[in-house]
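K.L.:
Next up is a structure, given as structure tokens.
Just so it is clear, none of the values below were taken in a lab; they were calculated from the coordinates. The structure presented is a predicted model; accordingly, all values stated were derived computationally and were not measured. All Cβ positions, glycine included, derive from the backbone under ideal geometry; neighbour counts span all protein chains shown.
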Amino acid sequence: MKSHRKELWFHLPARRAFVNISSQVEEALRESGIREGLVLVNAMHITASVFINDDESGLHADYESWLERLAPHEPVGQYRHNRTGEDNADAHMKRQVMGREVVVAVTQGKLDFGPWEQIFYGEFDGGRRKRVLVKIIGE
Amino acid sequence: MKSHRKELWFHLPARRAFVNISSQVEEALRESGIREGLVLVNAMHITASVFINDDESGLHADYESWLERLAPHEPVGQYRHNRTGEDNADAHMKRQVMGREVVVAVTQGKLDFGPWEQIFYGEFDGGRRKRVLVKIIGE
Amino acid sequence: MKSHRKELWFHLPARRAFVNISSQVEEALRESGIREGLVLVNAMHITASVFINDDESGLHADYESWLERLAPHEPVGQYRHNRTGEDNADAHMKRQVMGREVVVAVTQGKLDFGPWEQIFYGEFDGGRRKRVLVKIIGE
């Protein structure tokens with residue numbers, strides 16, 4: 001069994017943003033030389049997500065409004081977590097809805113995807129450096 | 001390390017439905033001959049889910065109402081994604097709540113499940129052919 | 001490829017609670033002797049979650065209120081599942097928001113975590129014995 005590890009770094013100025021990282025994950029897969037196995041891609045920070053969906057800007061705007069409706073940022077005083085001096089409690093909720101990680105099959109050296117699947121980094125508390133971990137195991 | 005890949009196909013007439021796919025995943029596991037490892041089961045489409053919960057029709061009716069409350073289908077004009085000509089933006093949200101994939105342990109050649117765990121395909125935008133990927137790795 | 005399996009048992013008196021299980025998962029990893037691979041940690045029951053987030057009591061109180069807002073326990077008669085004699089339909093919804101499982105990379109014999117990542121068992125229908133499965137594969 002072979003394994004390969006890579007970190008992707010982000011520093012997004014906006015509080016919230018979605019970044020397509022599919023080509024970076026594919027690059028890590030090529031570097032690994034692994035042909036059959038599994039790729040884990042996870043946010044290493046707890047106010048961010050990695051998820052798979054469509055690369056369509058209208059949909060991303062819809063996600064932004066919908067998540068803000070499910071777990072509003074304001075008023076920040078509504079969350080006990082924010083009494084610690086943070087203002088990012090909502091980001092910890094949004095990340096649970098969108099998920100921490102994805103696991104993707106590797107088949108014949110490629111990400112084994114359906115026609116519209118793309119991998120995104122979801123930032124819900126930007127303005128600081130954060131990481132995504134790519135871990136590939138297989139043969 | 002061995003690996004095995006299988007696609008399950010669905011064409012559900014209703015917009016939304018839940019289908020128990022546990023026996024199909026077990027069949028793929030038997031075909032693989034793998035005794036110890038991991039199974040990944042994921043929707044290959046971005047308006048569908050694979051999730052694990054109870055096979056109880058009342059619960060599935062509750063999921064249907066609850067997801068419709070969290071991300072209503074109507075009015076379709078409330079979502080920017082639907083300006084592309086689609087009417088399925090709500091399905092992209094429902095799928096995030098229910099999840100894209102499950103990873104299940106394989107132990108002694110069986111899905112290593114608790115007493116009530118069953119695997120479901122969740123369709124949120126039916127009426128077209130869609131696939132689920134089963135990828136098994138191990139020995 | 002090596003594999004290791006361990007069950008963690010819980011019997012929480014409260015209906016809802018969060019328990020940090022990071023050190024128990026690390027212990028299972030040490031027992032396995034695996035240096036590079038993946039760990040799957042999943043609830044074996046369908047009214048419980050395993051998730052990764054911050055070990056901060058204010059945040060956990062926020063999760064409790066937020067999940068209760070998204071899927072209220074009362075009135076129990078609002079859910080068809082509860083006509084079976086159960087009163088835990090809300091727990092099946094809360095568990096979908098927080099997730100069934102996490103997959104964590106193993107690198108150099110350690111859980112490959114960002115600075116704040118901690119693994120939690122989330123109980124949404126306590127008062128009975130329940131299990132979490134830890135399955136580790138790698139070399």
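K.L.:
Return the single residue from C:Ser32, C:Ser22, C:Ser65 with maximal mean-square fluctuation; model: Gaussian network over chain C, springs between Cα atoms under 10 Å.
P.N.:
Taking springs between Cα atoms under 10 Å, the residue moving most is C:Ser65.
K.L.:
What whole-number value in cubic angstrom gives the convex hull volume per residue for the C-alpha atoms of chain A?
P.N.:
104 Å³
K.L.:
Note the distances from B:Asp55 to each other copy's matching label point, with points 7 Å along the Cα-to-beta-carbon direction, in nm, sorted shortest first.
P.N.:
With the label placed 7 Å along Cα→Cβ, B:Asp55 yields 3.9, 3.9 nm.
K.L.:
Then there is this: Given a cut-off of under 8 Å on Cα pairs at least six residues apart, what relative contact order in percent is computed for region A:19-125?
P.N.:
51 percent
K.L.:
Please list, by residue number, every one of the trypsin sites (Lys or Arg not before Pro) in region A:20-69 that is coil in DSSP and has at most 10 other beta-carbon atoms within 10 Å.
P.N.:
When the trypsin sites (Lys or Arg not before Pro) of region A:20-69 are filtered for loop state and at most 10 Cβ neighbours within 10 Å, nothing remains.
K.L.:
Using a Gaussian network model on chain A with a 10 Å cutoff between Cα atoms, which of A:Leu12, A:Leu70, A:Leu38 fluctuates the most?
P.N.:
A:Leu70
K.L.:
Using the Cα atoms of the protein assembly as shown, I'd like the radius of gyration and the largest Cα-Cα distance, Dmax, both in angstrom.
P.N.:
19.8, 55
K.L.:
Please identify the helices of chain A, taking whole runs of DSSP H, that span at least 18 Å along their own axis as judged from the Cα atoms and have a mean Kyte-Doolittle score of 1.6 or higher.
P.N.:
The answer is none, since no helix passes both cut-offs.
K.L.:
Which GluC sites (Glu not before Pro) in region B:54-130 sit in a loop by DSSP (not H, G, I, E or B) and have at most 12 other Cβ atoms within 10 Å of their own Cβ?
P.N.:
Values: sites: B:Glu56, B:Glu64, B:Glu68, B:Glu86, B:Glu101, B:Glu117, B:Glu123; in loops: B:Glu56, B:Glu86, B:Glu117.
Sparse-neighbourhood loop GluC sites (Glu not before Pro): none present.
K.L.:
Quick one: label points 7 angstrom along Cα→Cβ at B:Gly109, distances to the other copies in nm, smallest first?
P.N.:
Distances between equivalent label points, in nm: 3.5, 3.5.
K.L.:
Per residue of C:113-122, what is the mean number of Cβ atoms on other protein chains within 10 angstrom of that residue's Cβ?
P.N.:
3
K.L.:
With +1 assigned to the C-beta of every Lys and Arg and -1 to the C-beta of every Asp and Glu, and no other charges, what is the dipole magnitude of chain C about the Cα centre in debye, to the nearest 20? Could the numbers behind the result be given before it?
P.N.:
Numbers: 19 positive and 21 negative charges, 131 e Å.
Dipole about the Cα centre, nearest 20: 620 debye.
K.L.:
Once the label point is placed 7 Å from Cα along Cβ, list for B:Ala14 the distances to the corresponding points in the other copies, in nm, shortest first.
P.N.:
3.7, 3.7
K.L.:
Please give, to one decimal in nm, the separation of the simple spin-label points placed at A:Arg131 and B:Arg83, each 7 Å out from Cα toward the Cβ.
P.N.:
3.9 nm
K.L.:
Under 12 Å from a point placed 7 Å out from the Cα of B:Trp116 along the Cα-to-Cβ direction: which residues of region C:58-84 have their backbone N that close?
P.N.:
C:81-84
K.L.:
For labels at B:Gln108 and A:Glu27 in the simple 7 Å Cα→Cβ model, what's the distance in nm?
P.N.:
4.7 nm
K.L.:
Number of Lys-Lys pairs in chain A under 15 Å by Cα, sequence gap 8 or more or different chains?
P.N.:
Lysine pairs satisfying the spacing and distance rule in chain A number 4.
K.L.:
List the chymotrypsin sites (Phe, Trp or Tyr not before Pro) within region C:49-135 that fall in a DSSP loop (any state other than H, G, I, E or B) and whose Cβ has at most 15 other Cβ atoms within 10 Å.
P.N.:
Hits after loop and neighbour filter: C:Trp116.
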